[in-house]
Every structure is written in structure tokens, then in C-alpha cells.
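The values are calculated or read from the model by the stated rules, or taken from the named source; none is laboratory data. Note that this is a predicted model, so its numbers are computed, not measured. Every residue, glycine as well, gets a Cβ built from its backbone with ideal geometry; the counts of neighbours run over all protein chains shown. For accessibility, only protein heavy atoms count, side chains too; no ligands or nucleic acids. Shrake-Rupley method; radii C 1.70, N 1.55, O 1.52, S 1.80 Å.
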Amino acid sequence: MKHLIDSMDLSIEELEELFTLSKEIMKDEDKYRLSCEKKLMSTLFYEPSTRTRFSFEAAMLRLGGKVIGFSEASSSSASKGESLPDTIRTVGSYVDLIVMRHPKEGAPRYASLTSDVPIINAGDGGHQHPTQTLTDLLTIIEIKGKIENQTIGICGDLKFGRTVHSLIKSLSKYEGINFILISPPELKIPEYIKKEILLKEAIPFIEVETLEEVMGDIDVLYMTRVQKERFFNEADYVRLKDTYILDNKKLISAKKDLAILHPLPRVNEISPEVDSDPRAVYFKQAKYGMYVRMALIIKMLGAI
Amino acid sequence: MKHLIDSMDLSIEELEELFTLSKEIMKDEDKYRLSCEKKLMSTLFYEPSTRTRFSFEAAMLRLGGKVIGFSEASSSSASKGESLPDTIRTVGSYVDLIVMRHPKEGAPRYASLTSDVPIINAGDGGHQHPTQTLTDLLTIIEIKGKIENQTIGICGDLKFGRTVHSLIKSLSKYEGINFILISPPELKIPEYIKKEILLKEAIPFIEVETLEEVMGDIDVLYMTRVQKERFFNEADYVRLKDTYILDNKKLISAKKDLAILHPLPRVNEISPEVDSDPRAVYFKQAKYGMYVRMALIIKMLGAI
Amino acid sequence: MKHLIDSMDLSIEELEELFTLSKEIMKDEDKYRLSCEKKLMSTLFYEPSTRTRFSFEAAMLRLGGKVIGFSEASSSSASKGESLPDTIRTVGSYVDLIVMRHPKEGAPRYASLTSDVPIINAGDGGHQHPTQTLTDLLTIIEIKGKIENQTIGICGDLKFGRTVHSLIKSLSKYEGINFILISPPELKIPEYIKKEILLKEAIPFIEVETLEEVMGDIDVLYMTRVQKERFFNEADYVRLKDTYILDNKKLISAKKDLAILHPLPRVNEISPEVDSDPRAVYFKQAKYGMYVRMALIIKMLGAI
């Protein structure tokens, strides 16, 4: 495992190894407290993302490693006209691992071509965010005991949401998955995902427009944000927006062991009243995200 | 001790415990060098305050703990529309303690309602800044040997200065305190402080307009800034401003064992010539601030 | 060694000690892994410089020390009107060592006058950047085995480039150095450097306008950026700019054991095709910069 740029870079075996290690760390974190004590990581965040940066930095510090970094582009050498490969080669001469977030799609892949140290893509524009997918998968495993043979509902903006596309691709590697895709017509899953993944792999899926009509069938409900600016017109937005807000009323018909996930930050797509429902696992998901990053860092640094 | 939002959250016994621990740390810092080695703290500074942030971060690092954080709101998830409780719950899943500064009064209290980890208020607008008060009290104890039975002069902006109100409330818990309040008429102490604290507790105080007339009576002189924009008119400001600038000449009539405190940063309210006077303890005060924060962190994390 | 403000603060013996320690660290870094474990450093960067900040922070963390800091002025107390000496005295009460970058020439020297802890100048405007010079010297020693008795070519903006002036002064302390100074007429070395250093110390030098005419004579080629805005007119710039871009073609006549240095960041003054030439050592130079800073920190903290 040299770099992690796309969640599809990982085979199902590598995923399983990561999740197994994550579980071990959660069971006995103290054992891993010095795993990276001689290691230095750099967080290069060319656009701010506090949550993701904190998750990576907490992961590394909990492993005994150290961190240097910047949290927005204005602090970087890029403002002096330096090329990305030059920055990466220089930073790579100081540290053992680079975690990079960049507004430009493909920037982490490009950076990895000349890097002497492993690079983890922490999000590149609307493109990839592989550690979010690792987080989502680990959460499903931890809460439901497995990934296979479940009905996964994905609700909201299925067109532009990068975490959704990445999640569908990764889930499709597992047996017995079927998808219920819930979105307004404007924000349906792109054709290429249907053709290249779902139809090609013969994975059952249905597309619906309301949560209500399918709630009772779902094992795992993955909520995402529906941004007003994605709609073609105000009337559609007003007509549809409440459909994609999860509240206690919509949950009445849901399974008792449903798991509700959200990549966070949420704005208003899940009502705060849902937070106290034991089926709401999105804050636990944030914690699993830190543990899977700990496992990933250990693997990429060969620190085990 | 779950959270520290307001200095009045602490009983006189809890204060004494904190100061005792602070003294022990100052005497043998090496003994506490690993007290928090398994602990992670987050500094969420929604407005910049280098001094306070550095003091907390230095405190935690000197205890062997680790720190993640941001130093201004632009780097935070708030810019993505996330609610404060959501941010707190997510960060709380990564760390053991949150130190928070926020421009909005009440934000730390609000955050504490849903937080799974202890929160320390590092300043909320013009409202509370409890660790500044802890710093002030420890400084008086260290320099004067006690808090009780002293004449405390407080000079400058007594109307808007949050540290002043908090300090008066806390000092009022101790025996034998009397206050000399020195300010221009426009910036006198608010009526509610007089009624609810000083008159109610029958604490002796006088209000005067010049430092000169009371200098010889003061044991502890607490200086604060008088901002030009607080005055009603330019003429008043010009007439009064020099009255509130401490210099060597004004100190001629002062006691030999006076202690001069200032919360810092100062602008021009203490002339630099005073810095070399042994009675000037404001830089020592900054150092005591770090030690009392070390004691506070240990207590709040139960790391002793 | 109390402060390091100007590279000329160091005698040739002190330089040799630093380089010897740097080599020892590079040989057995693990031995120094806890050298500064009880030490805290502050990076006060009043203007951003990711590369330099990272290099210092990586150096301190690799020695087991800890770091607090800010990476641009907006996060500092200066915005509240605090004087530099006040900031330095306060920060100095938290930490053991201050690394400071400031846009104003002389600010680090001024800061050092009232500082209780050692200060390292990490660049003050166009003035001094002593650790860059240490980096350059260590690189020459490591790559060429010595500094003495070599022909040093320096190319580009020799008028405004602060690293160039500082490097010439320091190299002039060594035996048998001769300089080839390559620049457009507008950007020749200033008269005072010629008079006070080169002529005074009787150090051989020639001034030329093109790299091509001298390439074969050079042992160490130090490249710097030629900024368009330094030229008097567009025509001169267009006529001259390619002359100062190093590419494989220009290197045909170069010595087999030439060492090509650059302080980085580069913009376009060295073609990326040169990067894979073994004579290009500018990325190694970045790494040496970290090691010489490790040695410097150890020496200044007496941590050996």
C-alpha cells in the first residue's frame, strides 16, 4: 500500500485487514499508543476541513506520532508560485506521510507521482474522499455486524455527492447488497454509476422519490445533504425539501435495527430530535472514522 | 468538576485546591511531565487570541498531553453551516477536553449542554473568561502570600472590562477585601455589581477618579485598558487619558510591596519604564496563568 | 550562543561545531530522538513561510520537543496593538526557544533585546535568513566534502536576494573560495558587498552575464530566482530571462561533479528536466536544512 488516492485502490482483502486492525485498536488502544512514535505526518489542507483534519491529526497523535501542517492554502508556499510536485518533494523530505486535501480534482494523484512518501487523499474537490468511505464501511460493520446481504438506502443528493458514489462502488464489492436510491429527479444517481457499477455487476437497485415509501425496507440509511442551489427552480425546492429531512415521524415505519449514517457536517437534513434515537449512529461514525484512520496510518507506515 | 464556564462555577475550596496544585507543579514540574500523556485536548478558537491559546497549549504539552485545534473561525466547520452542538459532539469523539473561545456570549455554556467531554471557556465575547480570573488570583497569592485582608485597587475601564467584573466577584468570596475603584465617570463599575456583590456582601469600596489620590493605600493594583472609543467625547478622553496611564512618577507614593497586575495585552496604559520596577508583576502573571491552567487541566481530566 | 539573528553572528568554529553535530544526527538520528523532550519551542511567523516553518517544526519534533505557534500575523496579538517586546516576553514565559519570521527588517534583533529565551531569526524581510545560509553551507560540505578551494557560481538576482548576500559573506570566511557572479546588469551584486567583503578580503571574483560562458568552471552553482518586476523594462526581461533558466542543454558543458543548489521555492528558473540529474541537489538541500536546524536547536537549548 503505497498511496491511498481512491477508495477503489483497496481490494476487499485490504479493506478487511484495515477493519480488523481498526477493531483491535478499539479493543485495546493502549497497545498502539506508541506504534508511530518515531513518525511524522504532514497535513496539507489546501482548503479547510476541520473535521477531517482533526480526525487525521487525532489518529496520528493517539499513535504516538507527530504532526506538522497547514489548514488553508493562504499559509502554503503555493502562494509563492511553487508547483505542487516541488512542495510534495520538500515536505516529503521532512515527514514520513502526507495527508492532503485539495480543491482540484486529481491533485493528490498528481502529487503521488513524484512523492517519496505515502500520500493519503483527504478529499480532492468533488472527486474522491476515500477515508470517508472507509469510515462508512467500518460503521456499517460495527453497528450491523456485517456489510453483506443488506438493503442500503441512500438519500439526498445522489448526483453530486462524492461520498455517495464512492460508497456505492465499494459496497458493490460485497455479496447480497441491494440499493434503494432516494432523491429528487434532478439529483438522481449519474448514468455512469448505474451502467458501470450497478447494471454491470447485476446489483439490485430501485430509485424512488420519497423516504416514506421505502422506509420499512431499509437496513442502513445513508443521509446526505440536499443543497438548495442544486435545484433547477425554487418551486421544486420548496415542494421537495421536506421529503429529504429525516425526523421522528418518518422513522415510525422504520426497522427497529435500522442504522442511520451521515458523513457530517449536516445542516438541516436530519432533525436534531433524531439524535437521541439509538438508531442514529452518525456521531459514532465520526469516532469510527478516527479509528479507521489510525489503522490506515499504521498500515501505510508499516508501523505494525 | 465537569465544565468550567464561569469563574463562579468554582467554590472557594475548589479554588484553593487548584492553587495548591499550581504551587506543587511550580515547585516540581518534572513530576507532572507525563500526567496527561494519554490525553488529547482541542483548542477551538472561533476568534483569535494567541496569548490564551498559547497558554493552554503550552500547559497541555508540558503535561505530556497532545493538542489539535484551530485559531480562527475561518478554518472551522461553522463556515459549512454546522451547528455548534454538532461540532462539539464530533470533536468530543476525538479528544478528552475542549478549550473554547467564541465571540458570542453564552456559546461555551450552550456547547457544554450536549458535550460528552469537559469544556473550558477561554473567553466568550465580553462575558466570561474564568481562567483569567484564576490567573489573577494565583498571582496575588504568589506575590502577596495571600488574598485576604488587602486593599485591591482596580483602575481603568470598570464598565465593560469582563476580567474586572469576574475578578471582583471572585475576590469578594475572600475575607477582609476592600476595593478602590479608579475610573473616569463614564466607565464606573456597573450598578448590578455594586448591588448584587459589594453592597449585598457588605464589602467596603470607594470610587475615585484618579490614581494619584489613592496610590498610597493600595496593596494590589489591577490595571486595565481605557479604550478611546469608550468615551462619550474627545474632550473627556484628552482630559482624562493620562490619569489612567501608570508611570514611575505615579508610583512614587505607592507602597514598597505593591503588586501591579495587568491581564495583557497592554497598549499604553502602563508605561514601559515601569517594567523594570520589581513591583510590576504582569509578565510573571502570564507565567502563573500557564501554571494554573496546568492544574486546571489535570483536575478536569482527573489526571492525578 | 544566545540568539541567532545574522549568519555572521557565528564564528567559523561555531559553524564547524554545528556541521559536525548535523552530521552526527544524520548518522544516528535515533540517538537524538529525546534530546529536547522537556523543551517547548514557539514558531512566531508574522508572514507565512510554510517551508521554513515546517523545517523548524519537524526539527524540534524529531528531537522529542514540542511546538506551539502561529503561521500568519492575523492570528497574533499584534492585531490587538501589543508591542513586539511584550509579545516576546509573554511567549518567552511559556517556551524555551522562539523562532521568528517577520516582514520588518530588524524585528528579530529588536525582539532579542528584551527576550528571556533564545531567538532564532527565520527571515526578516529582505534582510537576514541565517538558517538558510547554514543549510547552504552544510549542503556544500555534504555533497562536495568541503567548502574550501572551490569555484562558487551564483546566478540570478544578486542585487535583492538576501540569501545570496548572506551566503557570500559566510563563504568568504573559508580559504580558497572564488566567485563567479552571473546576473543581468540590473541585478549585479551591490557595491558594498564587493567593497566590504570581496575586495577587502581579496577574494577572487568575476562578474558575467550568461551562464553558458562560465558553466565549465563552476564547482557549486547556486541558482536564485529572477523576478520579472526587478527589470527596468519589458524588453530587457524578454531578452534576458532564458539566460537564467537552467536546463539540461546548459548543463552539457558543466563539470561531472557539479552541485546545483537552490534555496527554494523555485518558480521556473530551473527546468524540471534537471531534477533527475544527479547533480541537482536542491531537494537534498531541503533535508539538510532540517538537520542543521536540529543541530542548531540542540546547541541553543544546551540540550546535549
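Details
- Among the residues of segment B:241-287, those that are over 11 Å from B:Leu221 (Cα atoms), more than 14 Å from chain C (Cβ to nearest Cβ) and of a type in the set (Val, Ile, Thr) comprise B:Thr243, B:Ile245, B:Ile252.
- Under the condition of being touching a residue at least 40 places away in the same chain (Cβ under 8 Å) and within 13 Å of chain A (Cβ to nearest Cβ), the residues counted in segment C:43-55 number 9.
- Taken together, the residues in segment B:250-285 that are open to solvent by 10 Å² or more (accessible area, probe 1.4 Å), among the hydrophobic types (A, V, I, L, M, F, W, C) and outside any loop (DSSP other than H, G, I, E, B) amount to 2.
- Scanning segment A:1-20 for residues that are hydroxyl-bearing (Ser, Thr, Tyr) and assigned to a helix (DSSP H, G or I) yields A:Ser7, A:Thr20.
- Boolean, C:Arg62 is assigned by the TED database to the domain that holds C:Arg293, modelled with pLDDT of 95 or more, open to solvent by 40 Å² or more (accessible area, probe 1.4 Å) and closer than 16 Å to C:Thr131 by Cβ: yes
Quick grid of which residues meet (1) out of contact with any helix residue (DSSP H, G or I) (no Cβ under 6 Å at 6 or more places or on another chain); (2) under 21 Å from A:Gly302 (Cβ atoms); (3) modelled with pLDDT under 90:
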{"site": "A:Gly69", "(1), (2), (3)": "yes, no, no"}
{"site": "A:Ser77", "(1), (2), (3)": "no, no, yes"}
{"site": "A:Lys80", "(1), (2), (3)": "yes, no, yes"}
{"site": "A:Leu84", "(1), (2), (3)": "no, no, no"}
{"site": "A:Thr90", "(1), (2), (3)": "no, no, no"}
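- In segment B:209-233, the residues that are in contact with a helix residue (DSSP H, G or I) (Cβ under 7 Å, 6 or more places away or on another chain), charged (D, E, K, R) and within 21 Å of B:Ala259 (Cβ to Cβ): B:Glu212, B:Asp219
- The test for being of a type in the set (Gly, Ala, Ser), farther than 19 Å from B:Lys188 by Cβ and touching a residue at least 60 places away in the same chain (Cβ under 8 Å) holds for B:Ala259.
- Pairs where the first residue, in segment A:200-212, is over 23 Å from A:Lys250 (Cβ atoms) and free of Cβ contacts under 8 Å to residues at least 60 places away in the same chain and the second is polar (S, T, N, Q) and open to solvent by less than 70 Å² (accessible area, probe 1.4 Å), C-beta under 7 Å, 6+ apart: A:Glu201/A:Ser172; A:Ile203/A:Ser172; A:Ile203/A:Asn178; A:Pro204/A:Asn178
- Qualifying residue in segment C:109-126 (condition: open to solvent by 10 Å² or more (accessible area, probe 1.4 Å), touching a Ser or Thr at 6+ places or on another chain (Cβ under 7 Å) and at pLDDT 95 or above): no
- For segment B:4-19, a tally of residues being closer than 15 Å to B:Asp136 by Cα and touching a residue at least 40 places away in the same chain (Cβ under 8 Å) returns 8.
- Residue match in segment B:213-223 (condition: open to solvent by 20 Å² or more (accessible area, probe 1.4 Å), among the hydrophobic types (A, V, I, L, M, F, W, C) and assigned to a strand (DSSP E or B)): no
- Residue check for B:Leu40: closer than 30 Å to C:Cys36 by Cα, open to solvent by less than 10 Å² (accessible area, probe 1.4 Å), within 9 Å of chain A (Cβ to nearest Cβ) and of a type outside the set (Ser, Thr, Tyr): yes
- Looking across segment A:21-37, just one residue is among the acidic types (Asp, Glu), within 11 Å of another protein chain (Cβ to nearest Cβ) and part of a loop (DSSP other than H, G, I, E, B), and that is A:Glu37.
- Residue match in segment B:74-97 (condition: open to solvent by 10 Å² or more (accessible area, probe 1.4 Å) and within 21 Å of the chain's Cα centre (by Cα)): no
- Residue in segment C:172-189 that is aromatic (Phe, Trp, Tyr), surrounded by fewer than 20 Cβ atoms within 10 Å (Cβ to Cβ) and over 23 Å from the mean Cα position of the chain (by Cα) present: no
- Filtered by the rule that a residue be assigned to a loop (DSSP other than H, G, I, E, B) and open to solvent by 10 Å² or more (accessible area, probe 1.4 Å), segment C:150-167 gives C:Lys159, C:Phe160, C:Gly161.
- The criterion of being outside the structural domain of B:Ile25 (by the TED database), part of a helix (DSSP H, G or I), surrounded by 16 or more Cβ atoms within 10 Å (Cβ to Cβ) and free of Cβ contacts under 8 Å to residues at least 40 places away in the same chain does not hold for B:Lys241.
- Positions within segment C:32-60 being closer than 20 Å to C:Lys287 by Cα and of a type in the set (Lys, Arg), in sequence order: C:Arg33, C:Arg51, C:Arg53
- Of all residues in segment A:127-149, those that are polar (S, T, N, Q), crowded, with 19+ Cβ neighbours inside 10 Å and outside any helix (DSSP H, G or I) total 1.
- Number of the exception - B:Leu221 against (1) in contact (Cβ under 8 Å) with a residue 40 or more places away in the chain; (2) under 22 Å from C:Gly81 (Cα atoms): (2)
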